[in-house]
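To start, the structure under review is shown below, and the notes come after it.
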Amino acid sequence: MKQIYGAELDYSLLVKKEMNYSIARPFHFFDNSTIQLFKKYCYFWTMIQENVSLKKYNTFGIEAKAKRFAVFSTTEELNEILQQSNEDELLILGGGSNLLLTQDFEGLVIRNEIKGFEVVNESENDVCIKVGSGEVWHEFVLRSIENNFGGVENLSLIPGSVGASPMQNIGAYGVEIKDVFIELEAYHIETGKVKIFSHKECRFGYRESVFKRELKGEYIIVSVTYRLTKNKHQIKASYGAIQSELESNHIDSPSIKDISDAVIAIRSSKLPDPKEIGNAGSFFKNPVVDRSILEKIQLSKKNVPNYPAPNNQVKLAAGWLIEQAGWKGKTFDNYGVHKNQALVLVNYSDCTGEDILNLSTQIIEDVKVKFEITLEREVNII
Ligand SMILES: Cc1cc2nc3c(=O)[nH]c(=O)nc-3n(C[C@H](O)[C@H](O)[C@H](O)COP(=O)(O)OP(=O)(O)OC[C@H]3O[C@@H](n4cnc5c(N)ncnc54)[C@H](O)[C@@H]3O)c2cc1C
């Protein structure tokens, strides 16, 4: 792996920009502070590596190379890396658990490792915690539970980073990130300025936010602030199999820790662990359709899973539709549809991103023919 060292640095630019000189002077004329600055730039420059394999940085375990790759753990480092790089294409990586790499990335990939937890406000009942976007989401959940802070227990064991949580308004077991979200700070790639986005400005929807739509590719989220309960926790045990999991453990009045444990147990039994089988969780969104479409399906099928949605619409289970179309458990050499969960596409060994993408296209086509419903991919295709 080749690294780029300071020798390649255009220090005339550095001098003009930072020291206010109009002409670059030879190195031995520089004073100590200039040399320090030069060293600093060399340091940032060495952070950018070339031709880096992204296999270990995506939960699908797909082999693809980044032309350039760097890791940042502060906004300052992020700023420096972006200033030093003149790549047109940029990919921000958190845990790589919601993306499919379909080819080598001919630009700069930057991996977010901004850490930190800070209680920024506290009242008798609530606590507001600002979390670095590079923190691991599940570690934040566990830490909250340890401190008896409630609100995110239903979102236990979702892979990925805190920074990606508002990107697609992560959700599970009846809770979405928007329920505990206060605001976030995001770095504007064009200007380098950090802007605060309120709840309203994020425009959350089902696995959606403004960052996946109108502002796609414009901002890098650097911190997220959540409001959690200190007491009077709102226990949500009615969704999915939580209630039966609690019953099997003889728990009638669950704590937030009990809910988290139940969610972890259910998820571990249902979903493939990316460390063992490459996947990105649900590959498709559950479609929201007019009630008339559900009624049409009900003419020929019994027990069609559906959930109420606004405007006389219903949310259908994409996994059920895929299963009915005959795809559950289908395997092709080294990839396929998971045997227990049809919503999850899997890489058993060394398939390509294109294999998975083509498989998803075939599934979309089949479901469309069978039910007149067009499934939408939840995973980001790169
Ligand atoms: C086994 C499994 C189960 C899952 N279960 C669920 C679930 O129950 N509910 C759910 O909602 N999701 C689920 N997911 C999907 C995934 O975990 C979430 O979408 C998660 O939030 C992705 O985080 P990440 O850091 O891995 O994002 P990445 O995959 O690294 O990135 C996803 C997208 O966000 C962008 N991005 C990442 N970080 C930033 C940032 N700081 N600023 C700007 N853009 C950024 C990336 O460029 C990319 O476009 C599951 C995934 C797996 C593998």
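A few comments on the model shown:
- For segment 101-115, backbone phi angles converted through the Karplus equation (6.51, -1.76, 1.60; θ = phi - 60°) give residue-by-residue couplings of 8, 9, 6, 4, 9, 8, x, 9, 9, 10, 9, 8, 10, 6, 9 Hz, Gly and Pro being listed as x.
- Proximal lysines relative to K130, as straight alpha-carbon distance under 26 Å, when same-chain residues fewer than 8 apart are discounted: K115, K178, K193, K195, K200, K212, K216, K230, K232, K236, K257
- Around the Cα centre of the chain, unit charges on the Cβ atoms of Lys, Arg, Asp and Glu (plus for the first two, minus for the last two) sum to a dipole of about 500 debye.
- Alpha carbon centroid spacing (whole Å) that separates segment 62-88 from segment 344-382: 29 Å
- Under 19 Å of direct C-alpha separation, and excluding same-chain neighbours fewer than eight residues apart, K270 reaches these lysines: K285, K328, K330, K339.
- F181 long-range amide H proximity, modeled H, under 5 Å: R227
- Segment 117-270: relative contact order as a whole-number percent, Cα under 8 Å and 6+ apart: 28 percent
- Cut-off 17 Å, label 7 Å out along Cα→Cβ of D350, residues of segment 75-116 by amide N: 103-104
- Environment charge at V175 (Cβ cut-off 9 Å; Lys +1, Arg +1, Asp -1, Glu -1): -2
- When each full DSSP H helix of the chain is screened for a Cα extent of at least 20 Å along its own axis and an average Kyte-Doolittle hydropathy of at least -0.5, the helices passing are 32-46, 256-270, 353-371.
- Among Y239, Y335, Y187, the residue with the largest mean-square fluctuation in a Gaussian network model of the chain, with springs joining Cα atoms closer than 10 Å, is Y239.
- Estimated D of segment 278-381 in µm² per second, where Rh is the Kirkwood radius over Cα pairs and Stokes-Einstein applies at 25 °C, 0.890 mPa s: 174 µm²/s
- Rg followed by Dmax, in Å, when segment 220-362 is reduced to its Cα trace: 18.6, 52
- In the chain, inverting the average of 1/r over every pair of distinct C-alpha atoms gives 23.0 Å as the Kirkwood radius.
- Across all directions, the shadow cast by the convex hull of segment 236-304 built on its C-alpha atoms averages 7.1 square nanometres.
- Assigned charges on the beta-carbon of Lys, Arg, Asp, Glu; segment 277-352 dipole about Cα centre (debye): 280 debye
- Residues whose placed amide H lies under 5 Å from that of V194, excluding near-sequence neighbours: H188
- With the alpha-carbon atoms of segment 66-209 aligned to their principal axes, the span from lowest to highest coordinate is 49, 30, 28 Å, starting with the largest.
- For G278, the residues whose amide H sits under 5 Å from its own are N347, ignoring neighbours fewer than 5 places away on the same chain, with H placed 1.01 Å from N.
- At 1.306 mPa s and 10 °C, Stokes D of segment 83-139 from Kirkwood alpha-carbon radius, µm² per second: 112 µm²/s
No lab work stands behind these numbers, since they all come straight from the coordinates. This structure is a prediction, so every number in the text was calculated from the model and none was measured. Glycine gets a Cβ as well: all are built from the backbone with ideal geometry, and neighbour counts include every protein chain shown.
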